[in-house]
């Protein structure tokens with residue numbers, strides 16, 4: 001039985017486990033389409049690397065790494081992370097990947113984003129959550145806007161993907177902005 005850490009209507013978030021490495025997870029970061037908008041697929045992602053990541057995540061105090069599971073069939077469809085949690089500045093970085101391509105375009109990212117930001121602001125007492133994304137990642141840009149994030153800057157040609165340099169767009173949301181957006 002999976003441990004539900006955060007529960008949504010269509011998905012739930014649970015700890016990432018060693019068993020996930022034996023499922024589709026390993027294929028995601030070796031798939032150029034899944035990795036087109038993130039910093040993966042520069043070299044093969046191996047089972048040993050995946051297991052090491054799962055073990056590191058389980059003991060981490062500066063980040064929370066969760067598996068995204070579809071409620072209807074308990075299928076592992078992606079991962080979400082609050083990383084670089086800063087207890088002094090009360091901030092963290094949000095990152096998400098929906099690796100299961102059959103789960104794309106179904107609104108799961110919005111549901112995950114709400115659950116994670118609710119947790120960040122209401123349970124972790126954070127003041128700010130931010131993320132960065134490639135200029136080509138329209139889905140993440142839309143998700144950031146949905147979550148009340150504002151564009152805070154652009155790191156010009158800060159990433160290299162598919163034989164070209166890309167800008168990285170930085171987004172952020174403060175607790176009061178997020179709560180105001182959520183109330184609408």
*Kindly indicate the residue of segment 136-184 that is in a helix (DSSP H, G or I) and touching a residue at least 60 places away in the same chain (Cβ under 8 Å) and also farthest from the chain's Cα centre (by Cα) among those meeting that condition.*
182
_Selection within segment 114-123 - within 11 Å of residue 64 (Cβ to Cβ) and either surrounded by fewer than 17 Cβ atoms within 10 Å (Cβ to Cβ) or touching a helix residue (DSSP H, G or I) at 6+ places or on another chain (Cβ under 7 Å) (or both)_ = 123
*Quick one: which helices (runs of 4 or more DSSP H) lie wholly within segment 1-60 and hold at least 3 residues that are over 25 Å from residue 137 (Cβ atoms)?*
18-21, 47-59
*Of all residues in segment 64-85, count the ones that are surrounded by fewer than 18 Cβ atoms within 10 Å (Cβ to Cβ) and in contact (Cβ under 8 Å) with a residue 24 or more places away in the chain.*
4
_Given the criterion at pLDDT 95 or above and surrounded by fewer than 17 Cβ atoms within 10 Å (Cβ to Cβ), identify the matching residue among 184, 150._
150
*If you take the residues in segment 104-113 that are surrounded by 20 or more Cβ atoms within 10 Å (Cβ to Cβ) and out of contact with any helix residue (DSSP H, G or I) (no Cβ under 8 Å at 6 or more places or on another chain), which one is nearest to residue 93 (Cα to Cα)?*
112
_Checking residue 87 against (1) in contact with a strand residue (DSSP E or B) (Cβ under 9 Å, 6 or more places away or on another chain); (2) modelled with pLDDT under 95: exactly one of these is not met. Which one?_
(1)
_Condition first: touching a residue at least 24 places away in the same chain (Cβ under 8 Å) and more than 15 Å from residue 65 (Cβ to Cβ). Now tell me which residues in segment 13-31 satisfy that._
23, 24, 26, 27, 31
*Going through segment 20-40 one residue at a time, which ones are modelled with pLDDT of 90 or more and in contact with a strand residue (DSSP E or B) (Cβ under 9 Å, 6 or more places away or on another chain)?*
20, 28
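The values are calculated or read from the model by the stated rules, or taken from the named source; none is laboratory data. Everything numeric in this text was worked out from a predicted model, so none of it was measured. Cβ atoms come from the backbone with ideal geometry, glycine included; neighbour counts cover every protein chain shown.
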